[in-house]
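The values are calculated or read from the model by the stated rules, or taken from the named source; none is laboratory data. For clarity, every value in this text was computed on a predicted model and none was experimentally measured. Glycine also receives a Cβ, built like all others from the backbone with ideal geometry; neighbour counts cover every protein chain displayed. Please note that ligands, DNA and RNA were not included when accessible areas were found on the heavy atoms of the full protein model with its side chains. Shrake-Rupley method; radii C 1.70, N 1.55, O 1.52, S 1.80 Å.
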Amino acid sequence: MKLFFHFAFIIITIFILIKTIFYGVYEINTEKNKTGGIAVILFSIFTTILANIIMFFR
């Protein structure tokens, strides 16, 4: 059962990561805001990695 929740958590965080990466690309392309788009992408990658590490070692 614990493995199922870990797998579900990974799938959900990857889905959220993909959505935020596309938002970052939208910021870069449409709004011409490179700093904001790059910051959104880097922050989302960082938080996804940390959330998954914390979930597995908890």
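Things worth noting here:
- For first residues located in the range 35-58 and under 20 Å from Ile10 (Cβ atoms) and of a type in the set (A, V, I, L, M, F, W, C), partners that are in a helix (DSSP H, G or I) and open to solvent by 90 Å² or more (accessible area, probe 1.4 Å) and lie 6+ apart or on another chain with Cβ distances below 9 Å form the pairs Ile41/Tyr23; Met55/Phe5.
- Restricting attention to the range 36-58, the residues that are at pLDDT 95 or above and of a type in the set (Phe, Trp, Tyr) total 2.
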